[in-house]
Amino acid sequence: MAQQQCKDGVSPMGKKDKALEKLGQVIQDLELKAGDRLPPERRLVELLDVSRNTLRSILHSLEARGLVSIRRGSGCYLRVGISSAHDNPLDLNLSPEKAIADQLEAAYMIMPMVAEHAAERIGERHLDELKRCSVNISRSIFQESTERVWSESLTFFRLIAVGTGNDFLVRTVEQICSADMPAYDFFFSMRRDEREAIFADHIKLLHAFRARDAEWARSITANYFLRMCRVLEEREQVPMNDLIFRSLREKAEQDEGIQTWQA
């Protein structure tokens, strides 16, 4: 699979796998048991030699698998003991391609429903926050800051979830979007028109929310994540799950039909 290379020649996924191994070793060296707290975030960033965003992505992945518990204001706690019988003490057996496909499938299934619900409930204050966030996304694109594009986009979708007024949906969206959004890793290798289309979706969503058009909000969000899936499958050769594969094919056929009709 063609993967973006970091400055040191290590792919983002390879660096994450290495950090997972280091984390497993840290847990063993400290002889942590179920219920024990992991070292503070700042210390883990130093020990694993990763960014804060990558560390949080790793911890959220472990939380999703039931291995740790993240408690706001308290820290991250080990939920189960780990085995030293394997090269990777955490024994996650992660398939990078499968993890990406699963994450985007979940986003495609859930985020459009969240956006639809938000269109019916979101208040003016949250709409203003979304507008400010979209401006920040525009600035991060202008500055060519991949990390900021990722961070502000995560904030954008979290604000949409907050707009539903449902705290459980907020936590669900945080879980889906806080892991690595791989398409952002090579955001600036996309064609300009592709980047502009992704940014335009944020603006369209703002208009849909102001118009209280739930169906439009749902459609825009679904197309947003399908666009991410198409880029990953075509550029990075990441095989998508069957639901996404069928949806991409249907979207292509629909677009082809529209073009034929317009011609």
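The values are calculated or read from the model by the stated rules, or taken from the named source; none is laboratory data. This one's a predicted model, so the numbers in the text were calculated from it and none came from an experiment. Cβ coordinates were reconstructed from backbone atoms using ideal geometry, including for glycine residues, and neighbour counts include every protein chain displayed. The protein model used for the area step is the full one, side chains on, heavy atoms only, and it has no ligands, DNA or RNA in it. Shrake-Rupley method; radii C 1.70, N 1.55, O 1.52, S 1.80 Å.
Report the extension gain between Q237 and S219 in nm, rounded to one decimal, defined as 0.36 nm multiplied by the number of residues separating them, less their alpha carbon distance.
Values: separation 18, 0.36 × 18 = 6.48 nm, distance 2.54 nm.
Value of the extension gain: 3.9 nm.
With each label modelled as a point 7 angstrom along the Cα→C-beta vector, the D102-A211 pair spans 3.7 nm.
Extension gain for M113-A200 works out to 29.3 nm (0.36 nm per residue, less the C-alpha to C-alpha distance). Placing dummy labels 7 Å off each Cα toward the beta-carbon, the span from R125 to R37 is 3.1 nm.
First measure r as the distance between the Cβ atoms of R72 and Q143, then evaluate 1/(1 + (r/R0)^6) with R0 = 30 Å and state the FRET efficiency to the nearest 0.05. Intermediate results must be reported in sequence, preceding the final value.
Details: r = 30 Å, r/R0 = 1.00.
About 0.50, to the nearest 0.05.
With a 1.4 Å probe rolled over the protein heavy atoms of all chains, the accessible area of L55, L154 falls in the order L154, L55, largest first.
Of K98/K251; K131/K251; K204/K251; K16/K251; K33/K98; K18/K98, which ones are farther than 25 Å apart at the Cα?
Details: K98/K251 22 Å; K131/K251 28 Å; K204/K251 19 Å; K16/K251 33 Å; K33/K98 29 Å; K18/K98 18 Å.
Result: K131/K251; K16/K251; K33/K98 exceed 25 Å.
Under the Kirkwood approximation for Rh and a Cα-based Rg, what ratio Rg/Rh is obtained for the range 137-243?
Numbers: Rg = 14.0 Å, Rh = 14.7 Å.
With Rg and the Kirkwood Rh in hand, the quotient comes to 0.95.
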